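The values are calculated or read from the model by the stated rules, or taken from the named source; none is laboratory data. What you are looking at is a predicted structure, and each value in this text was computed from that prediction instead of being measured. Methodologically, a virtual Cβ is constructed for each residue, glycine included, from the backbone with ideal geometry; neighbour enumeration extends over all protein chains shown.
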Amino acid sequence: MNIIIFGPPGAGKGTQSNFLIQDHGMFQVSTGDLLRNELKKVSELSKQIKSIMDAGKLVSDNIIYSLIEKKLSDKEIKNKIIFDGFPRNLDQVSKLELMLQKHDQKISKVLNLKVDYSILIKRLSGRISCSNCKKTFNEFFDPPPSNCCQKQEFIKRSDDNEETVSKRLKTYDNETLPILEFYKKQNKVVDIDAMKQITEVRKEIRGIIAS
Ligand code: AMP
């Protein structure tokens, strides 16, 4: 089955995707990660993408579609995909549905991770990750252990600052949230309280996937 892990930035989509990979052998397709990968290339396009991401806005749909098309045509991950950060507006939903049809696939469930915005701002502005093992921590409520990895180097995403975070949340409200209606009409949305402990959320998702 393919699923969409849905929710505002900082809801824990990446963390729970990692559990889905471990628990169910699924494959994460995160458009944010794919874009950050593109940023490693030195080009005019990567400069443009970075300035859009740092402004908390959405990157142009056509760039996103070319990244997604590559993944949907990959037979290794067929019907085992977790879409994380995509679709992010109604045009992306229509395009995704067309691409899924073309590759004889569908979305089975949309896991809607719900978190109060006041918590999200703290989660995102304190978010850091280990440059070696990529594990995510929080400077405020989940500081990294002194023995995380030998190098002890932690990275902060350039769009995880308070100003960009509040713009990202506005973009989410205006452009992304309306998507839920489309999937609600198809009875595919499952609401999850993502303010609970990470392990509780993991357990709940396991139950949903098993059913
Ligand atoms: P994320 O890692 O999902 O929080 O995404 C980080 C940033 O990448 C977003 O704030 C957008 O600028 C961009 N981005 C990620 N996914 C998409 C998408 N599906 N459509 C447009 N822009 C995206």
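What to note about this one:
- Exactly one residue out of I81, I21 is modelled with pLDDT of 95 or more, surrounded by 16 or more Cβ atoms within 10 Å (Cβ to Cβ), among the β-branched types (V, I, T) and more than 11 Å from the ligand (Cβ to nearest atom): that is I81.
- So S66, is it among the hydroxyl-bearing types (S, T, Y), more than 10 Å from the ligand (Cβ to nearest atom), free of Cβ contacts under 8 Å to residues at least 40 places away in the same chain and within 26 Å of L177 (Cβ to Cβ): yes
- Residue in region 194-206 that is in contact (Cβ under 8 Å) with a residue 24 or more places away in the chain, within 16 Å of the ligand (Cβ to nearest atom), farther than 24 Å from L39 by Cα and not in a helix (DSSP H, G or I) present: yes
- Just one of (1) more than 27 Å from E181 (Cβ to Cβ); (2) out of contact with any Lys or Arg (no Cβ under 6 Å at 6 or more places or on another chain) fails for L39. It is (2).
- Positions within region 174-190 being within 15 Å of the ligand (Cβ to nearest atom) and free of Cβ contacts under 8 Å to residues at least 12 places away in the same chain, in sequence order: N174, L177
- Search result, residues across region 47-67 that are farther than 18 Å from V29 by Cβ and of a type in the set (A, V, I, L, M): I52, A55
Residue-by-condition table, conditions (1) more than 15 Å from the chain's Cα centre (by Cα); (2) within 19 Å of K106 (Cβ to Cβ); (3) without any contact (Cβ under 8 Å) to a residue 60 or more places away in the chain; (4) surrounded by 13 or more Cβ atoms within 10 Å (Cβ to Cβ):
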residue: Q28; (1), (2), (3), (4): no, yes, yes, yes
residue: L39; (1), (2), (3), (4): yes, no, yes, yes
residue: E44; (1), (2), (3), (4): yes, no, yes, no
residue: M53; (1), (2), (3), (4): no, no, no, yes
residue: N62; (1), (2), (3), (4): yes, no, yes, no
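- When the criteria are applied in full, K71 meets the requirement of being in contact with a strand residue (DSSP E or B) (Cβ under 6 Å, 6 or more places away or on another chain) and either without any contact (Cβ under 8 Å) to a residue 40 or more places away in the chain or more than 10 Å from the ligand (Cβ to nearest atom) (or both).
- Residue within region 123-130 that is touching a residue at least 60 places away in the same chain (Cβ under 8 Å), farther than 23 Å from K196 by Cβ, within 16 Å of the ligand (Cβ to nearest atom) and within 15 Å of the chain's Cα centre (by Cα) present: no
- Filter result (of a type outside the set (V, I, T), surrounded by 17 or more Cβ atoms within 10 Å (Cβ to Cβ) and under 14 Å from I4 (Cβ atoms)) within region 181-208: Y183, K188
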